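In what follows, a single structure is set out as structure tokens and then discussed.
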């Protein structure tokens, strides 16, 4: 499947650089725009699946661009490219609706993975929505291993349920999905596998090599990640628990501070705190609870067609 990406940056050098390494991946087609104003026109000509945008641009910067997309209600995820000095704009843009961000100095190592993560979360499957059409309240419990292979499927399942229940807007789907992605990644890598984010800051290859090694070693190999999700008309609650030793939550660096925004280790915490309404940890530091309040919920009116669909689903379950 080919993914069309719009790259928005006023620097010809940066556009050339980004285009060069994205074109090394045949699953992507690339278009370019000089700033937010040009990008709006480019989207009208050909709708992209995803937008990668610089923050500092003339006429319409990245924050203004994200806000404009929200007004137009196009539901296109935006990944921001940050540089030193743009920290507060990045935080504001994430709050306004951007899906994620990558520091410009980390583009080669981080951008493609970020694109893949965002696209995996935003690509919904219509047939799964239909099967959840009668859902009004759900408590779901999952147990995951440390290879990470089930993470994307788990997030997709949770978001499908929330969307079918009309609990999340298009933008909120992406935000909650990214928060779950970061929380689960932290539980696996920093919790169960006890990897230090400082190692990833220094050498990403060594970081992932050590992760692969520990997945087969005692005591890391047998550890699990537990996910407890509650979806209701008032809020979505996600509790992620790992079996690692935990950490001192009072020593977590402020991810919104200028010196920490470009740090790989603080990125996940910033995304989670930006996208969820409440984030708390247990005393041991091996469990995070994230809550998203439901706003502007449409009342669910049950029609005869809904009842027939529910009946057919129940009959199918009974026969299986």
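The values are calculated or read from the model by the stated rules, or taken from the named source; none is laboratory data. Values in this document were obtained by computation on a predicted structure and should not be read as measured data. Methodologically, a virtual Cβ is constructed for each residue, glycine included, from the backbone with ideal geometry; neighbour enumeration extends over all protein chains shown.
Looking at (1) surrounded by fewer than 15 Cβ atoms within 10 Å (Cβ to Cβ); (2) on the phi > 0 side of the Ramachandran plot, which is the one condition that is false for residue 97?
The failed condition is (1).
How many residues does segment 52-75 contain that are surrounded by 19 or more Cβ atoms within 10 Å (Cβ to Cβ) and touching a residue at least 60 places away in the same chain (Cβ under 8 Å)?
1
I want to confirm something. Restricting to segment 44-65 and keeping residues that are touching a strand residue (DSSP E or B) at 6+ places or on another chain (Cβ under 7 Å) and in a helix (DSSP H, G or I), which single residue is modelled with the lowest pLDDT?
Of everything passing the filter in segment 44-65, 62 is modelled with the lowest pLDDT.
Across segment 186-211, what is the number of residues that are under 28 Å from residue 159 (Cβ atoms) and surrounded by fewer than 15 Cβ atoms within 10 Å (Cβ to Cβ)?
Result for segment 186-211: 1.
Sort through 230, 249, 289 and tell me the only one that's modelled with pLDDT of 90 or more and surrounded by fewer than 17 Cβ atoms within 10 Å (Cβ to Cβ).
230
Out of the residues in segment 23-36 that are surrounded by 17 or more Cβ atoms within 10 Å (Cβ to Cβ) and modelled with pLDDT of 95 or more, state the one that is nearest to the chain's Cα centre (by Cα).
Selected residue: 28.
State the number of residues belonging to segment 139-161 that are at pLDDT 90 or above, surrounded by 20 or more Cβ atoms within 10 Å (Cβ to Cβ) and not in a loop (DSSP other than H, G, I, E, B).
Count: 5.
Can you tell which of 40, 30 is farther than 19 Å from residue 96 by Cβ and touching a helix residue (DSSP H, G or I) at 6+ places or on another chain (Cβ under 7 Å)?
Of 40, 30, the one residue that is farther than 19 Å from residue 96 by Cβ and touching a helix residue (DSSP H, G or I) at 6+ places or on another chain (Cβ under 7 Å) is 30.
Here is a check on your reading of the model: is residue 19 surrounded by fewer than 18 Cβ atoms within 10 Å (Cβ to Cβ) and on the phi < 0 side of the Ramachandran plot?
Against the criterion (surrounded by fewer than 18 Cβ atoms within 10 Å (Cβ to Cβ) and on the phi < 0 side of the Ramachandran plot), residue 19 qualifies.
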